[in-house]
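Asks: Attaching a single structure in structure tokens format; questions to follow.
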Amino acid sequence: MNAPRITYSVRDVMTGTLLGELPLTGVRWSWVLNGAGSFSGKLNVADPRVALLDWKALTQPSRAALWVGVNDALVWGGMITARTRDRSTMSVSVTAADWASYLGRRQQAKDYATTWATTAASPLTIGETMVNDALQAVGSLPITVVTDGTVPNAYWIRASFPGSQRQTLQSVLSMLAGMGYGVGFDYASDVTGTLDDPFGSVTLSYPRRGRIAGETGLVIETTPDALGDTWTEDGTRQATSVSEMSTGSGGVQQQTLWAPAFGEGYPLLERQLSHSSMSSTPADQSVLSATLAGDIGRLAYPPLTATVPVPAFGGSVAVGEFLVGDDVRVRAGTGGGGIADPLFPDPVDTYLRIVQATVHVADQGVSTMTLSLTTPPTMTPVAPTI
């Protein structure tokens, strides 16, 4: 496959007026689930193409929006956050952050101490309301918040966000997302439209973002697809017994134990998790139970994470063919030509979830993408398969 044409177009962050394109080198960018993606690249000021540009205007922090195109398809967008001039290399380093990062620079617009304290509401509604209220302020970036899915009434929550706390929108979304599979939601930055008419948004997805196992058609054979994969089973994060506490009004606590782990030889490992903004009235016990189920499903066995570098373009999992949050089928344990893989004495065929993807654009040669993977969310613990 021929190398794709990658463009880095810049627009005024407030008006959307096109300012030009940057001939960047050493580029990398990322998409992140329940967080903010980043971008970095360099301008060689000795490059004749740069000399023809008003690069100061095109790289001005907090004034310029950067949009990445691959063969004219829009794949990433965000605001330039910093630039560094380096005389030793005669270069200007540019960094940017995606639209979700902007929510870390904005605080709640109102006092929500009592808004949802006695009347339960969908976590999606709470997150959407707080973001929309803040984005109505004069001077806000022209981005939108989008919701995908519906939270069942049984999992609506009572929560308090006093105005005196002045929480950032990102901390609010992270708290709501941290309530886990079944109650909380996922969020991530998205881009829509075209390079000629781009739009940025933050999407809130329930019960999760991305396609589930078997729907994506994405497959990675660690040999030969991967370029140096690593796998970690982290027993320090495991909990065969979880206590869930709502530390708002009432201080209610629930506990669960995953007994099957003992039959498999695991010891008792305890952990307490708390949710400070969630009210603890008796009506919210079902919510606490669902949160507990999601957390024991995540922690009952040593959490598995994998880092798998693959070709960024033209491979089995390529830029433009997935969303962060998608599941991918991963096979390991057999090398090329049927040669045994000493890292996997027992062949592995499992589904993992993409929680971050970082693209490394090669100035020459093959561009790569590093996928960060973990076990998909579940309400029932699943023993590790590797």
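The values are calculated or read from the model by the stated rules, or taken from the named source; none is laboratory data. Keep in mind that what you see is a predicted model, and the values were worked out from it rather than measured. Please note: Cβ atoms are built from the backbone with ideal geometry, for glycine as well, and neighbour counts cover all protein chains shown. Accessible surface areas use protein heavy atoms only, side chains included; no ligands, DNA or RNA. Shrake-Rupley method; radii C 1.70, N 1.55, O 1.52, S 1.80 Å.
Asks: Rounded, prolate or oblate, given the Cα gyration tensor of region 284-360, with a/c below 1.5 counting as rounded? Let's see the in-between values first.
Replies: Details: a/c = 3.39, a/b = 1.55, b/c = 2.19.
Oblate shape, in that a/c is at least 1.5 and b/c is the bigger or equal ratio.
Asks: Let me ask another. Taking square-rooted eigenvalues a ≥ b ≥ c of the alpha carbon gyration tensor, is region 5-70 rounded, prolate or oblate, where a/c under 1.5 means rounded and, failing that, a/b exceeding b/c means prolate? Walk me through the intermediate numbers first.
Replies: Values: a/c = 1.98, a/b = 1.33, b/c = 1.48.
It comes out oblate by the Cα gyration axes.
Asks: Excluding ligands and nucleic acids, what accessible area in Å² is computed for LEU195 using a 1.4 Å probe, to the nearest 10?
Replies: Number for this one is 30 Å².
Asks: Region 123-164 to region 194-244: how many Å between their Cα centroids?
Replies: Spelled out, the Cα-based centre of one part sits 24 Å from the other.
Asks: Then there's this: Relative contact order for region 68-168: what is it in percent, counting Cα pairs under 8 Å that are at least 6 residues apart? Show your work: numbers first, answer last.
Replies: Numbers: 121 pairs, mean separation 29.7, N = 101.
Over region 68-168, the number comes to 29 percent.
Asks: May I pose another question? From Cα coordinates alone, what are the radius of gyration and Dmax values for region 31-108 in angstrom?
Replies: 13.9, 46
Asks: What number, in percent, do you get for the relative contact order of region 1-148 if the mean sequence gap of Cα pairs under 8 Å and at least 6 apart is divided by its residue count? Numbers along the way, then the final one.
Replies: On the way: 246 pairs, mean separation 31.0, N = 148.
Relative contact order, region 1-148: 21 percent.
Asks: By the gyration tensor of its Cα atoms, with a ≥ b ≥ c the square roots of the eigenvalues, what is the shape of region 164-223: rounded for a/c under 1.5, prolate for a/b over b/c, or oblate? Write down the numbers at each step before the final one.
Replies: Working: a/c = 2.63, a/b = 1.27, b/c = 2.07.
Here region 164-223 falls in the oblate category.
Asks: By Kyte-Doolittle mean hydropathy of at least 0.5 and Cα axial length of at least 15 Å, which whole DSSP H helices of the chain are selected?
Replies: 285-299
Asks: Where does the chain land at 222 nm, in deg cm²/dmol rounded to the nearest 500, when only DSSP H runs of n ≥ 4 count, each adding -39500 (n - 2.57), divided by all residues? Don't skip to the answer; put the middle values down first.
Replies: Details: 7 runs with 53 residues, N = 386.
-3500 deg cm²/dmol, from helical runs alone.
Asks: Quickly rank 142-152, 256-266 as a protection proxy: mean count of other C-beta atoms within 10 Å, highest first.
Replies: The most tightly packed comes first, giving 142-152, 256-266.
Asks: In percent, what relative contact order does the chain have, based on Cα pairs under 8 Å that are 6 or more apart in sequence?
Replies: On the way: 927 pairs, mean separation 61.2, N = 386.
Relative contact order for the chain comes out at 16 percent.
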